[in-house]
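Some notes on the structure that comes next.
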Amino acid sequence: MRNDVDHLPPAQQEELARTTRVLLDEFSVAISRSTQPWKKNGKVRKIVLFGSYARGDWVDEPENGYQSDYDLLIIVSHADLTEIADYWYVAEDKILRDPAITRPVNIIVHTLDEVNRGLTRGEYFWVDIARDGVVLYDLPGSELATPMPLTATDAYEMASGYFADWLSKIDTAIEGADFYIRKGHHNDAAFTLHQAAERAYTCFLLVRSQYVPRSHNLKFLRSLAEDREPRLVEAWPRATKVDRRRFELAKRAYVEARYSAAYAIDNDDLQAIKSAVTMLRDTVETVSREWLDGLRQKADL
């Protein structure tokens with residue numbers, strides 16, 4: 001794992017440095033309010049850039065709706081410190097509103113034990129981070145475990161189980177959305193389409209990497225999934241403002257379709273979102289089956 005961002009342009013280096021400062025500063029503020037010693041003395045042990053900006057194959061075409069996100073792993077000293085709402089929400093919000101940070105930032109937060117457990121199991125997600133990640137911040141004594149390779153047989157069995165379970169859950173959600181659309185319950189349909197899309201990304205990420213973040217944010221899940229499989233990009237058109245607005249409607253539906261009286265969506269938007277989700281589902285099935293075939297051949301099953 002490298003510890004410099006010299007492969008990135010100066011603008012991205014400055015954004016990542018600023019992002020790291022905000023995360024550390026706001027975490028310090030969050031734990032300063034605690035009374036329990038282990039919380040008050042809680043620490044960020046490591047911040048690691050992973051994904052396309054770590055590998056060097058990012059996309060930066062905001063005018064076309066294509067812009068890679070910064071993906072950051074934050075490793076903390078205690079499991080309770082991984083709670084986004086308690087310790088990281090303010091930092092995320094500040095980063096989102098900072099005009100000096102122009103690219104989206106996604107964070108996942110785990111303990112060192114969780115990360116090292118994934119590495120010793122050979123889970124692809126953590127092994128990829130250990131191989132390609134860039135350390136932005138590091139405390140002494142926070143070394144990652146040596147990755148242990150997952151056998152092809154174990155990988156196939158795990159991925160097959162995830163695929164069978166989650167593909168059926170996607171279909172159930174799409175069927176539910178169809179029912180709500182027929183009944184004219186637009187907000188319920190929007191929420192259920194969000195669930196179908198979330199389940200599709202969950203299915204893909206578990207099959208390919210044995211990991212999915214604890215997030216309902218479709219944009220974050222989409223970013224992680226598309227980073228591993230470019231064919232998933234085609235499910236969500238981005239060329240026009242209408243296309244981008246419809247994705248935002250789907251993303252917002254998880255909360256607003258249930259709880260906000262201001263959320264409104266018409267049948268044309270629902271049908272377009274349903275088409276995108278259906279295409280996403282079919283693409284996830286195709287690429288997952290290809291992946292499973294490759295694992296089965298490696299395992300000689």
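Read-outs throughout are calculated quantities, based only on the coordinates presented, and are distinct from any laboratory measurement. Keep in mind it's a predicted model, so treat the numbers as computed, not measured. We place every Cβ from the backbone using ideal geometry, glycine too, and count neighbours over all the protein chains shown.
Per-structure values
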read-out	value
Dimensions in Å of region 178-238 - Rg and Dmax from alpha carbons	13.0, 38
Most fluctuating residue given options LYS274, LYS241, LYS219, as computed from a GNM of the chain linking Cα atoms under 10 Å	LYS241
Cross-link partners of LYS241 among lysines (Cα-Cα below 23 Å; sequence separation of 8 or more within a chain)	LYS219, LYS251, LYS274
Highest-MSF residue in the chain out of ALA250, ALA197, ALA100 [GNM, Cα springs under 10 Å]	ALA100
Compactness index (Cα Rg / 2.2 N^0.38 Å), the chain	1.04
GNM flexibility winner over the chain from GLN13, GLN36, GLN67 (Cα, springs under 10 Å)	GLN36
Semi-axis lengths, Å, region 243-301, gyration tensor of Cα atoms, sqrt of 5 times eigenvalues	36, 12, 7
Counting DSSP beta bridges with both ends in the chain, the antiparallel % (nearest 5)	60
Equivalent ellipsoid dimensions for region 10-138 as semi-axes, Å, which come from the Cα gyration tensor, largest first	25, 20, 11
Residues of type lysines that LYS39 reaches as a straight line, Cα spacing below 27 Å, ignoring anything fewer than 8 places off in the same chain	LYS94
Between region 125-177 and region 28-100, the Cα center-to-center distance that results, in Å	19
Region 152-299: C-alpha gyration tensor shape, a/c 1.5 cut-off, then a/b vs b/c	prolate
Tail fraction, Cα-Cα pairs, region 93-219, threshold 21 Å, whole percent	57
Inter-site label distance for THR153 and TYR259 at 7 Å from Cα along Cβ, in nm	4.8
Mean separation of Cα contacts under 8 Å, 6 or more apart, over the residue count of the chain: relative contact order %	18
About the Cα centre, charge dipole magnitude for region 1-148 (Lys/Arg +1, Asp/Glu -1 at Cβ), debye	640
